[in-house]
1. Go through segment 44-62 and give me each residue that's at pLDDT below 90, within 17 Å of V79 (Cβ to Cβ) and of a type in the set (G, A, S).
2. Mind checking which residues of segment 111-127 are within 9 Å of the chain's Cα centre (by Cα) and open to solvent by 40 Å² or more (accessible area, probe 1.4 Å)?
3. Of all residues in segment 52-67, count the ones that are at positive phi and either surrounded by 14 or more Cβ atoms within 10 Å (Cβ to Cβ) or of a type in the set (V, I, T) (or both).
4. Kindly evaluate A39 against the criterion of being among the aliphatic types (A, V, I, L, M) and in a loop (DSSP other than H, G, I, E, B).
5. Does T131 fit the bill of being of a type in the set (S, T, N, Q) and within 20 Å of S43 (Cα to Cα)?
6. Does any residue in segment 182-202 that is among the aromatic types (F, W, Y) come within less than 7 Å, Cβ to Cβ, of a residue that is open to solvent by less than 10 Å² (accessible area, probe 1.4 Å) and assigned to a helix (DSSP H, G or I) six or more places away or on a different chain, and which pairs are these?
7. Give me the pairs, please: first residue somewhere in segment 66-85 and hydroxyl-bearing (S, T, Y), second residue anywhere and open to solvent by 70 Å² or more (accessible area, probe 1.4 Å), beta-carbon distance under 7 Å, and either six or more positions apart or on two chains.
8. Only one of these is assigned to a loop (DSSP other than H, G, I, E, B) and either more than 27 Å from P10 (Cα to Cα) or not aliphatic (A, V, I, L, M) (or both): W63, W101, W123, W97. Name it.
Amino acid sequence: MYLAAIGILPVILAAWLGACFGSFSNVLIYRLPRNLNVAAGRSFCPSCGKTVAWYDNVPVFSWLVLRGRCRHCASPIPVRYLLVELGGAACALVSVWRFGWTVDGLSASFFLIILLDIAMIDWRHMIIPHTLTVGGMVIGLVLSLFGNPALPSALLGAGLGAGAILAVSYGYKLVRGVIGMGGGDVMLMAMVGVFLGPWGVPAVLFGGAFFGTLYAFTAGRGRPDGAAKLPFGTFLAAAAAVTLLFGPAIFSWYLKQF
């Protein structure tokens, strides 16, 4: 495996950096839906409001040392904080495994961590903050100057991603009389197009629809009127991650079936 080939220290470094970004992701996941400034002020306990000391803010280790409780008020710290930090480490490791220590590996790490943030926020709050999608597009376009997809493909992918969601949304409005998807989904697919290029857009749309339909049939949250209100951004994010890591292999397997 590639991770074993590059040595233990680079792997540890990748995991640690990913966990640090995961720690910042916890700040984004908590503050963005509440319209709190993510750049001002240090981390604080949501229960007692006390500022979290630096030694209690070490990714993964602090949660384990504190046994998942605030040092000041002993209120439980949800396990999702630990899982998001571990998720950040996993995003970095899988990016290095898949793309190596390259610009593409760096791009994949950022993309996966942003997708993780979006999935968590949309699942809980049914919103996709433009801070994440627009920021992600800027990062993706800058990195496209040095890696794949190249800048022209990234721009084309952004237009195709946004256009596809707008077309579906307004088509739904013509049939049902209401907008099918919000602006957050439009911006999310534009960001997906930047990182994956135009070829990735239809794959992510198909995958997101598949995951969303599967969830709706198994554990979906139905409403009395029979309509299902789903955090579609969460399913699009999952499909984008699968497409990034395994898209070419899945497409190759699919072609071999004919």
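The values are calculated or read from the model by the stated rules, or taken from the named source; none is laboratory data. All values reported here derive from a predicted model rather than from experimental measurement. When we count neighbours, we look across all protein chains shown, and the Cβ atoms used for this are built from the backbone with ideal geometry, even at glycine. These accessible areas exclude ligands, DNA and RNA; they are computed on the full protein's heavy atoms, side chains included. Shrake-Rupley method; radii C 1.70, N 1.55, O 1.52, S 1.80 Å.
1. Once the filter is applied, which keeps residues that are at pLDDT below 90, within 17 Å of V79 (Cβ to Cβ) and of a type in the set (G, A, S), segment 44-62 yields only S47.
2. At the first step, the residues of segment 111-127 found to be within 9 Å of the chain's Cα centre (by Cα) are 111-120.
Result: L116, M120.
3. 1
4. Here the answer is yes, as A39 does meet what is asked.
5. Judged against the criteria, T131 is a match.
6. Close Cβ pairs (under 7 Å, with a partner that is open to solvent by less than 10 Å² (accessible area, probe 1.4 Å) and assigned to a helix (DSSP H, G or I)) amount to F195/F111; F195/G140.
7. Short answer, once both residue conditions are applied: S75/S47; S75/R69.
8. On the way: W63 fails: assigned to a loop (DSSP other than H, G, I, E, B); W123 fails: assigned to a loop (DSSP other than H, G, I, E, B); W97 fails: assigned to a loop (DSSP other than H, G, I, E, B).
Criteria check complete, one pass: W101.
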